[in-house]
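Undergrad: First the structure, which I've put down as structure tokens, then a few questions once you've had a look.
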Amino acid sequence: IMSMLPPMAGQPRYLGTAIQFNALLSNQTYVANLLGEFNAAAPGNQMKWVSLQPQRRKWFWDEADEFVRFCQRHGLRIKGHTLIWHDQMPPWVTESLSAEALRWEMLNHVRITVARYKGRIPAWDVVNEVIADKRGDASHHGDGKTYRNSLLMRKLGPDFIEAAFRAAHDADPSADLIYNDYNVIDGGDKADRMYEMVRGLLQKGVPIHVVGFQTHVKGPELEIDGDVAAWMSKAAANLRRFADLGLKITLSEIDMRISGWPASERRWRQRNAYRALLAMALVQPKMEGLTFWGFTDQHSWIHYEFGADEPLLLDEEYRLKPAYHGALRIL
Ligand code: XIL
């Protein structure tokens, strides 16, 4: 059983997973493993904008509510995921909305959603993935180098980020508010730009409390000259500078692709890399908890996004993989 993360500075820490909603309702094996291993959860899709408001002013709360009830019944800490994201946006949110209407709809979505679960959801991913992967992708409406080119960025400019955090804070002042992004854990140019953005938000007094490092990693990329140690120290140094800003940090969507390794070596290399990753993460200052993006290879977004793989700790039949045992020694 993994869910007993050692506390840090007297504070308990959570170990969470993204939830496959359909399995939650229909698969007893799934639920038994979930409750056996984790004490926190995030909805895989049920709280995204397109799920909650697929048509303008028509809200669909059933699945999100059901998810929240399930978590409350079983004592799982909930992370709300995710309020503002360029992906999985409702089809009615288009270029043809005026900037004013778009801004109103965006803030309305944030306010209504956070307010509905006030007191029940202690932390929200407020803004997801606004940093451009490469400088060249950046929107000319941003500062020319930082941000992803998205509908919201084109029409509203980067101020929508701050506005979303403020609206979420107004709707539930006690909730921790998170900025979340991918390919930023081990430092580099994208992480540098995220750091500057976060620091700027703090300087302006924007209510932001946590930075989420998604940590969708490719196992082989963690090995530098055949060893994961160098990657781990880069990541540790990067995580530390965010903690030094006074923010909490978390690894928020952990999974590890293994298809780049030779077939006969995949499982033990994944075990070693997972063990090193989690060991590194858990000793970082201000690491509030960890969230895996699923726990069984039966249900992973990786299969349809990047091709069949085995990114998680349990195999397709819920058997414990070497990666699980590697993780367990640490967790
Ligand atoms: C993924 C879900 O797991 C899939 O079911 C869905 O089809 C696409 O989104 N970054 C995020 C998550 O912040 O919301 C994404 O989740 C994975 C990448």
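Undergrad: Setting aside same-chain residues fewer than 8 positions from Lys134, which lysines have a Cα under 18 Å from its Cα?
TA: The qualifying lysines are Lys145, Lys190.
Undergrad: So, one more: How big is the antiparallel share of DSSP beta bridges in the range 32-159, given as a percent to the nearest 5?
TA: 35 percent
Undergrad: Among DSSP bridges having both ends in the chain, what percentage is antiparallel? Round to the nearest 5.
TA: In the chain, approximately 15 percent of DSSP beta bridges are antiparallel ones.
Undergrad: Calculate how large, on average over all directions, the projected area of the Cα convex hull of the range 94-234 is; give the answer in nm² to one decimal. Can you show the working numbers first?
TA: On the way: hull surface 39.3 nm².
Mean orientational projected area (the range 94-234, Cα hull): 9.8 nm².
Undergrad: Please list log₁₀ I(q)/I(0) at q = 0.12, 0.16, 0.17 Å⁻¹ for the range 44-109, using the Debye equation with identical point scatterers on the alpha-carbon positions.
TA: -0.35, -0.57, -0.63
Undergrad: Please work out the C-alpha center-to-center distance from the range 222-276 to the range 22-85 and express it in whole Å.
TA: That distance is 27 Å.
Undergrad: So how do 49-58, 160-169, 305-314 stack up, highest first, on mean other-Cβ count within 10 Å?
TA: Numbers: 49-58: 15.0, 160-169: 21.9, 305-314: 18.8.
Averaged packing, sorted descending, gives the order 160-169, 305-314, 49-58.
Undergrad: Compute log10 of I(q)/I(0) for the range 183-321 with the Debye formula, placing one identical point scatterer on every Cα and leaving out solvent, at q = 0.12, 0.16, 0.19 Å⁻¹, to two decimals.
TA: The Cα Debye sum returns log10 ratios of -0.50, -0.84, -1.10.
Undergrad: Mean projection of the alpha-carbon convex hull of the range 1-88 over all orientations, in nm²? The partial results should precede the final answer.
TA: Numbers: hull surface 27.6 nm².
In nm², the orientation-averaged hull projection of the range 1-88 is 6.9.
Undergrad: Based on alpha-carbon positions alone, could you give the equivalent ellipsoid semi-axes of the range 140-223 from the gyration tensor, as √(5λ), descending, whole Å?
TA: Values: eigenvalues 113, 63, 26 Å².
After diagonalising the Cα gyration tensor, the semi-axes are 24, 18, 11 Å.
Undergrad: Of the listed peptides 267-279, 119-131, what is their order by residue-averaged count of other C-beta atoms within 10 Å, with the highest listed first?
TA: Values: 267-279: 20.7, 119-131: 22.5.
Packing proxy ranking, top to bottom: 119-131, 267-279.
Undergrad: Considering only DSSP beta bridges whose two residues both sit in the range 126-248, what percent are antiparallel, to the nearest 5?
TA: Numbers: 3 of 10 bridges.
Antiparallel bridges make up about 30 percent of those DSSP assigns within the range 126-248.
Undergrad: Oh, and also: Once you have the alpha carbon radius of gyration of the chain, what is it after dividing by 2.2 N^0.38 Å, with N set to its residue count?
TA: Against the compact-globule rule of thumb, the ratio is 0.96.
Undergrad: Taking amide H atoms as placed 1.01 Å from N in the peptide plane, list the residues 5 or more away in sequence, or in a different chain, whose amide H sits under 5 Å from that of Met287.
TA: Answer set, sorted by chain and number: Ile249.
Undergrad: Counting every Cα pair in the range 12-162, what percent are over 19 Å apart?
TA: Value for the range 12-162 (Cα pairs over 19 Å): 57 percent.
Undergrad: Among Ile178, Ile78, which comes first, second and so on when ranked by fewest other beta-carbon atoms within 10 Å? Before the final figure, lay out the partial values.
TA: Values: Ile178 29, Ile78 24.
Least crowded to most crowded, the residues run Ile78, Ile178.
Undergrad: Measure up Lys155/Lys286; Lys118/Lys321; Lys58/Lys155; Lys79/Lys234 against 30 Å on the Cα-Cα distance and list the ones that go over. Before the final figure, lay out the partial values.
TA: Numbers: Lys155/Lys286 35 Å; Lys118/Lys321 38 Å; Lys58/Lys155 23 Å; Lys79/Lys234 27 Å.
With Cα atoms farther than 30 Å apart: Lys155/Lys286; Lys118/Lys321.
Every number here is computed from the coordinates shown, using simple stated rules; none is lab data. Keep in mind that this is a model prediction, so the values were computed, not measured. Here the Cβ is made from the backbone with ideal geometry for all residues, glycine too, and neighbour counts use every protein chain on show.
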